Amino acid sequence: MTIVCDINTAMDFSAIDSSYGLALVDQAGKILSANPAFLNLFALPPDVQNKTFSDLTGTMNPAATDFLQQTLAGRHEKAIKQTTIIDHKTLSVHVIELDQAQRLIMVESSPSSPLPLPEINHPAHTPHNAAMVNRTMLSECIANWKPDEPGTASLAMIMIGLDRFKRINETLGHDAGDQLLKFAAQRLLRIVRSDDVVAHFSDDRFAVLQINQNQPVAATTMAERISELLKRPFLVNGQQANISASVGLAILHHNTESTGDLIKHAELALHDAKQNARGSYRLYEQSLQKNASERHELEIGLRRALFLREFTLFYQPQARMQDKKIIGFEALIRWEKPGAGIISPLRFIPLAEDMGKIHEIGQWVLQTACRDAAAWPEDIMIAVNVSPVQFESNSLKQIVQAALTASGLAPQRLELEITEGLLIKNITNALEQLREIQAMGVSIAMDDFGTGYSSLNYLSSFPFSKIKIDQSFVHRMHTDKSRTLIKAVIALGSALGIKTLAEGVETEEQFDYLARNGCEEIQGYLLSKPVPAEQIRALIS
Ligand code: C2E
Ligand code: CA
Ligand code: CA
């Protein structure tokens, strides 16, 4: 297998501000270049050039030196992946042979699972006796608030929602869910000040009330800490559970507003945070009220859209790099809402996921895409996006099978596109379902590669047929960081025997760069925008 990568001169990684640690080493294990993330991960000084890892013994953690040396010693393989835990961090190291003389080391770091915390009788017991109150007591605190310094006093409500907590209850059981809530409460109580009021607000919601602090600085700082803290894995009933928390903030300055709306505003802000990006925080502002009404209207519309046949599928060609021959199409859903025009899936798919409507919509997409594709020439594939939420019902395999049977489409012509979000949540169950679907002859592609937390890790967990390099890298191809990542991903795919497709290719320049570096397939406006099913014949011929 040849890895097409024209790296004759050593690349300079020092300016690459990537979340991955990247280093280039020569045959003898000497470091040719390293990016700041790599130096940070191993606490290395900037002047590592021309040193081997054994030269750096004494500077580096000895466990890290040993680990890197051992990983590099597996020199007869094109791509090696090793994982270890050092300093409470899980390090995944990928070594990719770029050519005879140079190897690329990519390191991803994620916090490792904390040790199980001791059982507690009640979450209220913490080192500094902070107390966990209930919702009523929290409301009373707000109502009874008597600022002693009028004019400067403030109240900040920090509303915390555990993302997809319901899923923990469903997959690991209610005992595990209760335990996780206790642990989350403990983590919260550990970081608040003794005069903050902390409440278990409802099932998966906590709230922190900050009194007379410097706002919004204190509240936003706390929100960031909370998001970071709750993102770390939990160990419940011997199993690792990963959640995240979204946070909504509302601040009240003395004499400016009534206390009555504080909770409502924080809830609206939380709702907005969950909509935009789970795991983020949002400060209340008046426009949120308007967004909430719009969302409500969308929700009502979405409930009727399937029934009223307001959805359609558009198809975007995917082509072979070498001759631009179309080899397949990706199905992309469109919602034509009367009076509102076409609504982007980026807006309504997350809403449909929240409402549980995605199962029905996803089933319709699969049926329609398979039925349309069955009428195309037999060498043309169809790729269908599948939301992580669709795996939660455990019936995806049956739905895929039914769509294939009803349409008569050969399973080998269907490819499902999944994002790493699926694998983060419940990896064992998701992989099991993916394997069953793959065993039917259906291919599985990893979509939006490079945008998530740990895409690299997941590549070794499942035999993906394709890596779709996210369009954000293609669009930023003028930057060193994107170019290096694109090259590395293509090299990694090639070494692992996985095809690479670059998304969002718009210009000849992008096309040429990808072609030079061995990317096998492309998709993007350069070939064609997504088109209605009726236009497919014309595109193929
Ligand atoms: P995606 O799966 O990454 O799809 C690619 C998106 O990039 C599409 O946006 C496509 O129209 C757009 N695109 C393609 N080529 C180019 C290009 O050259 N330049 C630019 N700027 N954009 C390009 P679209 O159709 O709006 O879909 C957005 C996202 O919505 C999709 O991202 C996918 O995550 C989701 N989606 C679409 N259809 C479905 C569906 O049926 N089910 C599910 N679960 N998600 C879907
Ligand atoms: Ca896709
Ligand atoms: Ca994509």
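The values are calculated or read from the model by the stated rules, or taken from the named source; none is laboratory data. For clarity, every value in this text was computed on a predicted model and none was experimentally measured. Positions of Cβ are generated from backbone atoms using ideal geometry, with glycine treated the same way; all protein chains shown enter the neighbour counts.
Taking the condition over 16 Å from residue 227 (Cβ atoms) and not acidic (Asp, Glu), does residue 205 pass? No; evaluated as a whole, the condition is false for this residue.
Can you tell me how many residues in segment 202-226 are within 25 Å of residue 240 (Cα to Cα) and at pLDDT below 90? Residues in segment 202-226 being within 25 Å of residue 240 (Cα to Cα) and at pLDDT below 90: 2 in total. Return the residues of segment 362-373 that are within 15 Å of ligand 2 (Cβ to nearest atom) and touching a helix residue (DSSP H, G or I) at 6+ places or on another chain (Cβ under 7 Å); say none if nothing qualifies. Matches in segment 362-373: 362, 366. A count restricted to segment 49-65 and to residues that are out of contact with any Leu (no Cβ under 7 Å at 6 or more places or on another chain) and either modelled with pLDDT under 80 or surrounded by 19 or more Cβ atoms within 10 Å (Cβ to Cβ) (or both) stands at 6.
Quick grid of which residues meet (1) crowded, with 22+ Cβ neighbours inside 10 Å; (2) assigned by TED's automatic domain parsing to the domain that holds residue 534; (3) at pLDDT below 95; (4) within 16 Å of ligand 1 (Cβ to nearest atom):
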{"position": "377", "(1), (2), (3), (4)": "no, yes, no, no"}
{"position": "400", "(1), (2), (3), (4)": "yes, yes, no, yes"}
{"position": "419", "(1), (2), (3), (4)": "no, yes, yes, yes"}
{"position": "422", "(1), (2), (3), (4)": "yes, yes, yes, yes"}
{"position": "425", "(1), (2), (3), (4)": "no, yes, yes, yes"}
{"position": "436", "(1), (2), (3), (4)": "no, yes, no, no"}
{"position": "451", "(1), (2), (3), (4)": "no, yes, yes, yes"}
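Select from segment 6-28 the residues that are modelled with pLDDT of 85 or more and crowded, with 18+ Cβ neighbours inside 10 Å and write down the one among them that is nearest to the chain's Cα centre (by Cα). Filtering first and then ranking leaves 22. Restricting the first member to segment 505-530 and to residues that are assigned by TED's automatic domain parsing to the domain that holds residue 465, and the second to residues that are in a loop (DSSP other than H, G, I, E, B) and of a type in the set (Gly, Ala, Ser), the beta-carbon pairs closer than 8 Å and six or more apart or on different chains are 505/524; 506/524; 510/524; 523/504; 524/504; 525/504.
Note down all Cβ pairs under 6 Å where the first residue falls in segment 382-401 and is assigned to a loop (DSSP other than H, G, I, E, B), the second is within 16 Å of ligand 3 (Cβ to nearest atom), and they're at least six residues apart or on different chains. Every condition considered, the pairs that remain are 386/416; 386/418.
Taking residue 432, is it surrounded by 15 or more Cβ atoms within 10 Å (Cβ to Cβ) and acidic (Asp, Glu)? No: the conditions fail for residue 432.
Can you tell me which residue is farthest from residue 28 (Cα to Cα) among those in segment 42-84 that are of a type in the set (Gly, Ala, Ser) and in a loop (DSSP other than H, G, I, E, B)? Only one residue fits best here, namely 43. Of all residues in segment 411-425, those that are of a type in the set (Lys, Arg) have Cβ atoms under 9 Å from Cβ atoms of residues that are assigned to a helix (DSSP H, G or I) and within 10 Å of ligand 1 (Cβ to nearest atom), 6 or more apart or on another chain, in 425/388. For the residues 429, 457, the requirement of being away from ligand 3 (no atom under 15 Å from the Cβ) and over 19 Å from residue 500 (Cβ atoms) singles out 429.
Looking only at segment 337-351, residues that are away from ligand 2 (no atom under 16 Å from the Cβ) and modelled with pLDDT of 95 or more come to 0 in all.
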